[in-house]
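Data first, discussion second: the structure below is written as structure tokens.
The values are calculated or read from the model by the stated rules, or taken from the named source; none is laboratory data. Not measured: the values here are computed from a predicted model. Here Cβ is always computed from backbone atoms with ideal geometry, including for glycine, and neighbour counts include all displayed protein chains.
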Amino acid sequence: MLNFPVVAHAADTDGQEAAPDRAPLKNPSALFAGRFFYDPNPPAAFPAETAQGRVTVQTTLKPELQQRLMAILSRTGPLIAAAVVLDAKTGAVFAMGNQATRAGASLLPEGAGNYCVYGGFPAASLVKIITAAVGLEKKGFDTGHLEPVSGRYHTLYRSQVGIERSPYKPEMVPLDKAFALSINPYFGKMWIDSFADSDFLDFGQELQFNKSLEFDLPVSKSRIIAPTNAFERAEVASGYNTRTTISPLHAALVAALPANGGRIMRPYIIDRIADANGKIIYSHVNRTLAQPLSPRSVAQLAELMQGTVHSGTARGSFAGINQLGAANGWIMGGKTGSIDLPEHTGRCDWFAGFGQSGQTSVAVACILIHGAQRTMRSSYVGAEMIRASLDPAGAYKLPAVKYVKKPVANKKPSVVVVQQTTKTSGQQASHPAKATKKRRAPAQNTGG
């Protein structure tokens, strides 16, 4: 049974902070059925029993978005899938859903009730949002800030960040390219060369890491563990570790920064509660938890995150929606991430991003935990939910593209034909080998 305070102020619809002169909502998680966030069509409003008797709970969920999200997640087929869509300006949750196989629920049982509020997922390259923001806000860097990079982009070795010896034949890479392509050594070098530990850790606290994130439901803490040496600094800065963790709900709040003026809003899913007579006994009041970014940094971070979906690691998933966005003035951005769970029990695949059109601003975060085979990319889920949010009626269509077939004679071979020798009947015979495509480099442990 629940007790709710009477609230004098209704929610502020334009995203501005209202006077928080009420007691907090007590034990609201008991209002929701155990499998509420696995339901393919959960009710946006529903009755519940409290200490005041029977009440009606009005949530912030948008039925069309919620149904769309659950339909997409049901097709993904990973061990675990969890995603959140929220209003970037107010923190209202528009959609929140989960899918999990029996093996997935056994893999991470502590979050199985609602993985969207489980803060134990490795954050992977989503951490690069924080590292980039520290550089922009604390050090005055811009999107063209250069760092030396050597070796593969998605590895991280001591030599790549200048520990014990200088990087071998480095290229000077700007921040916008490093962010779009998720270049690990770049961000590791940035912390080692430019940040004090307090720069990163204090900023992480402003972003609500190592704190109990305020929400209408319990949220386990997202964590940043303080590094103890130079290489650990590089690991934390690039997301190349499993010790830095985050929940999908928290990831959506961080991804919302470019779309809401650089604020961390208190997220919420309960809009109001009315008693049996229709009297409002609880009403949400918008509240800003932190303002970590200045307008200059907000604009620069937005530019970095746009690069991810236009020319970076999420460009494939956003190929269609980018055409649609360009035709209709949409602004979209994000960050991808991937890393193995500890003991290599599953592969984390992240996307966190934002979309804006007119007065509509949304943030999306999705994590998929894949087993032996990857099915759908989290960036695809993010792209589809941003599209559904900005065009709920499906009024916009992709621009028609006219493809011109080039003559076969103009096609270039994929590789140069080479000579190879084989032995036949004790003699060497020379013949040209068949042209074959070059093999891709093996997948890295983390990146994207």
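So here's what we get for this one:
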item	result
Checklist (1) over 26 Å from G371 (Cβ atoms); (2) at pLDDT below 95 applied to F46, failing item	(2)
Test: residue in region 161-168 that is at pLDDT below 95, closer than 20 Å to R243 by Cβ, of a type in the set (A, V, I, L, M, F, W, C) and part of a loop (DSSP other than H, G, I, E, B)	yes
Every residue from region 224-271 that is out of contact with any Ser or Thr (no Cβ under 9 Å at 6 or more places or on another chain), of a type outside the set (D, E, K, R) and closer than 15 Å to D197 by Cα	A226, P227, T228, N229, A230, F231, A234
Among (1) more than 25 Å from E214 (Cα to Cα); (2) touching a Gly at 6+ places or on another chain (Cβ under 8 Å), the one test that G111 misses	(1)
Subset tally (residues that are in a loop (DSSP other than H, G, I, E, B) and either within 23 Å of A259 (Cβ to Cβ) or not hydroxyl-bearing (S, T, Y) (or both)) for region 123-154	11
Residue among N210, N241 that alone is in a loop (DSSP other than H, G, I, E, B), touching a strand residue (DSSP E or B) at 6+ places or on another chain (Cβ under 7 Å), closer than 29 Å to H344 by Cβ and polar (S, T, N, Q)	N210
Evaluation of I225 against (1) part of a loop (DSSP other than H, G, I, E, B); (2) hydrophobic (A, V, I, L, M, F, W, C); (3) crowded, with 21+ Cβ neighbours inside 10 Å (one fails), failing number	(3)
Residues of region 304-339 classified as more than 20 Å from V381 (Cβ to Cβ), more than 16 Å from the chain's Cα centre (by Cα) and either assigned to a loop (DSSP other than H, G, I, E, B) or not small (G, A, S) (or both), total	3
Residue count, region 244-271 (criterion: in a loop (DSSP other than H, G, I, E, B), under 19 Å from Q359 (Cβ atoms) and in contact with a strand residue (DSSP E or B) (Cβ under 8 Å, 6 or more places away or on another chain))	3
Out of V364, V285, sole residue that is hydrophobic (A, V, I, L, M, F, W, C), touching a residue at least 40 places away in the same chain (Cβ under 8 Å) and surrounded by fewer than 20 Cβ atoms within 10 Å (Cβ to Cβ)	V285
Output for region 335-357, where each listed residue is touching a residue at least 60 places away in the same chain (Cβ under 8 Å), out of contact with any strand residue (DSSP E or B) (no Cβ under 7 Å at 6 or more places or on another chain) and polar (S, T, N, Q)	T345
Total residues in region 296-327, condition surrounded by fewer than 18 Cβ atoms within 10 Å (Cβ to Cβ) and more than 22 Å from A178 (Cα to Cα)	4
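So that you can scan it fast, the table gives a plain yes or no per residue for (1) among the polar types (S, T, N, Q); (2) closer than 15 Å to S182 by Cα:
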residue	(1), (2)
E110	no, no
V117	no, no
P122	no, no
T131	yes, yes
G135	no, no
D142	no, no
E147	no, yes
Y153	no, yes
K169	no, no
